[in-house]
Amino acid sequence: MAAEDSEVRSCLQEIVKLDLEIKALIQDIRECALTEDILEDLNKDARLKIGKLQKKIEELEVFGIEADLEEDRQVIMRDVDNHKDRLSNIVTSLRQSNLTAKFAMEKANSEKLLSSRSSGVRQRARNKESLAKQASAITESLIGINKKLTEQVGHSESTKSTLLKSSKTVTDTMEEFKNMGAHIGTSQKLLSKYNRRQLTDKFLIFLALVFFMVSVLYIIKKRLW
């Protein structure tokens, strides 16, 4: 009888141990099952321990059926009924925990997807803003280039006008130089004529002087004779 009591106590202790281990797994499923793989591993362990617990309850039921005393049999069978109810509650709790975990994962995935979409929208918005800034910068750059080109054209027109005036001045100066050259040529011709005339005059004066000297000598000679 003592041996039977020892076996019953050992069976009850194993049942309590498995009950606590299964409840811990159920708690992990609610709090730690962040992915399908983790959830599957926890469920695998929970199902294995539920199978062991069911066998231990069946073993306890055998002890109750085979008990010699009616009082012992009734006590053991009440324990069997209690543990069967607990097992049923455990199975129900496991299902609810799985539903909770799957709902949490779906919610997390939805939030992640929404966050990803929101991030994508923000990224697209930033890209559009960046493109708008780039377009604005390019537009401003083109406006600046256009302004510089306009200024350059104006400067070119001013330079062209200055060059035209300078060209006209050069042309006028060349005409003046030509006129001066003509005047200089005419002056040179006049000087040449003047020089030739001056030479002729000197020669005529020399001839006149020679004629005068000859006349004087002739008169003197005439008087002396």
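The values are calculated or read from the model by the stated rules, or taken from the named source; none is laboratory data. Quantities reported herein were computed from a predicted structural model and do not represent experimental measurements. Here the Cβ is made from the backbone with ideal geometry for all residues, glycine too, and neighbour counts use every protein chain on show. Note: areas computed on protein heavy atoms with side chains; ligands, DNA, RNA excluded. Shrake-Rupley method; radii C 1.70, N 1.55, O 1.52, S 1.80 Å.
What the table shows:
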| quantity | calculated |
| --- | --- |
| Unmet criterion (only one of (1) among the hydrophobic types (A, V, I, L, M, F, W, C); (2) open to solvent by 40 Å² or more (accessible area, probe 1.4 Å); (3) not in a helix (DSSP H, G or I)) for Val91 | (3) |
| When residues of region 42-60 are limited to those that are open to solvent by less than 50 Å² (accessible area, probe 1.4 Å) and under 16 Å from Arg9 (Cα atoms), the one nearest to the chain's Cα centre (by Cα) | Leu53 |
| Filtered residue count, region 62-79, keeping only those that are open to solvent by 50 Å² or more (accessible area, probe 1.4 Å) and in a helix (DSSP H, G or I) | 8 |
| Any hit, region 14-32, residues being modelled with pLDDT under 90, outside any helix (DSSP H, G or I), open to solvent by 30 Å² or more (accessible area, probe 1.4 Å) and on the phi < 0 side of the Ramachandran plot | no |
| All positions within region 6-20 that are touching a residue at least 40 places away in the same chain (Cβ under 8 Å) and either under 24 Å from Ala104 (Cβ atoms) or β-branched (Val, Ile, Thr) (or both) | Val8, Ile15 |
| Given (1) open to solvent by 100 Å² or more (accessible area, probe 1.4 Å); (2) at pLDDT below 85; (3) farther than 29 Å from Ser10 by Cβ, index of the condition Asp37 fails | (2) |
| Pair list, Cβ under 9 Å, 6 or more apart: region 21-47 residue free of Cβ contacts under 8 Å to residues at least 60 places away in the same chain and closer than 12 Å to Ala104 by Cα, other residue assigned to a helix (DSSP H, G or I) and open to solvent by 60 Å² or more (accessible area, probe 1.4 Å) | Cys32/Ile38 |
| Number of the condition not met by Asn82 [criteria: (1) open to solvent by less than 100 Å² (accessible area, probe 1.4 Å); (2) touching a residue at least 12 places away in the same chain (Cβ under 8 Å); (3) under 30 Å from Leu12 (Cβ atoms)] | (2) |
